[in-house]
Every structure is written in structure tokens, then in C-alpha cells.
Amino acid sequence: MKGNEDIKSVIGIDPQEITGAVAPGTAVEGPAVDRQGFEEALVNFQHGACSEGGTLSCKVQESDTTTDGDFADITGAAFVNVAGGALVTSGGYVGRLNLAGRKRYIRVVATLVGVDETALVSALVSLHQARELPVSQVNDLAFDVS
């Protein structure tokens with residue numbers, strides 16, 4: 001068995017620059033990720049420059065539907081105060097989710113608090129431990145080094 005047959009990677013948040021606002025801030029919500037058939041997920045959050053004064057956070061939410069208002073935060077699934085108000089050039093964070101018993105859809109949400117502050121953000125969700133193999137990928141294989 002190939003090591004990647006039980007992994008599916010999908011965009012959690014498209015790479016983009018966000019501009020903050022006063023609390024509760026500006027939120028960027030990623031698309032609903034259908035995690036049906038997978039037992040685990042790795043959420044990779046990356047950010048580029050975050051201007052001084054901005055507070056950047058990221059969290060994961062879940063829902064039984066793809067309806068925006070149905071999503072709720074997953075307790076403990078957050079990267080809190082990533083930039084912390086200081087000038088930060090870049091960073092990367094990874095969090096693991098056990099999906100057993102979770103709702104069908106998850107999404108990543110990044111929030112920037114701070115008037116006129118900016119931050120570059122993106123996220124990737126890697127679903128693992130598929131119940132059925134092989135998993136059909138959402139993109140073509142770029143390379144395969146043996």
C-alpha cells in the first residue's frame with residue numbers, strides 16, 4: 001500500500017490578506033470541508049506578515065450542514081493570539097483533530113482584531129485514516145519520489 005492512499009488534502013483558507021477591525025474583528029471563513037470517511041485531520045495554519053497592533057487567531061468549527069449559521073467552534077481547536085499585537089513576519093501552526101464522533105463538516109476561521117492592521121493567512125486541512133482506500137485526491141500528484 002502506498003503511504004498517501006489514506007490522506008486527502010484540501011484548502012482550509014485560500015491564501016489572502018485580511019484587514020482587521022475593532023473587536024470582534026474581521027473573520028475569514030474557509031469553505032466547508034467534508035470529512036466523511038476520515039478519522040483524523042491535521043489543520044495547518046500559516047500566516048505571513050502581521051502588522052504591529054494586530055491580534056491574529058485561528059479556530060476550527062464543525063457542522064452537520066454546509067449552512068454558514070450552523071457552524072460552531074470545536075472546543076480546544078484553536079490557535080489563539082498568534083501575533084499577539086507584535087509585528088510578526090511569518091509563522092506556521094499545526095493542530096490535530098480526532099474526528100470520531102464529530103460532525104460531517106469542518107472549516108477553518110481566521111480572525112484579525114486591530115483597526116487598520118493587516119495579516120496574510122492561509123490554511124490546509126489534511127484528512128487522515130480513511131475508512132476506504134484508495135482516496136480520490138482533489139488535485140493531481142505533483143511528484144512521486146521513491
Given the criteria under 21 Å from Gln129 (Cβ atoms), open to solvent by 60 Å² or more (accessible area, probe 1.4 Å), at pLDDT 95 or above and over 13 Å from the mean Cα position of the chain (by Cα), does Arg96 qualify? no
With respect to Asp73, is the statement that it is acidic (Asp, Glu), part of a loop (DSSP other than H, G, I, E, B) and open to solvent by 40 Å² or more (accessible area, probe 1.4 Å) true? no
Screening Val125, Val121 for residues that are touching a His at 6+ places or on another chain (Cβ under 8 Å), modelled with pLDDT of 90 or more, surrounded by 14 or more Cβ atoms within 10 Å (Cβ to Cβ) and not basic (Lys, Arg) leaves only Val121
State which residue pairs qualify: first residue aliphatic (A, V, I, L, M) and inside region 26-52, second residue open to solvent by less than 30 Å² (accessible area, probe 1.4 Å) and not in a strand (DSSP E or B) in any location, beta carbons under 7 Å apart, and separation of 6 or more residues or different chains. Ala41/Arg35; Ala41/Leu99
Out of everything in region 11-38 that is open to solvent by less than 50 Å² (accessible area, probe 1.4 Å), in a strand (DSSP E or B) and at pLDDT below 95, what residue ends up being farthest from Thr118 (Cα to Cα)? Phe38
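The values are calculated or read from the model by the stated rules, or taken from the named source; none is laboratory data. Bear in mind the structure is a predicted one, so any value in this text is a computation, not a measurement. Cβ sites come from the backbone with ideal geometry, for glycine too, and all protein chains shown count toward neighbours. Areas reflect the complete protein model, heavy atoms only, side chains present, ligands, DNA and RNA absent. Shrake-Rupley method; radii C 1.70, N 1.55, O 1.52, S 1.80 Å.
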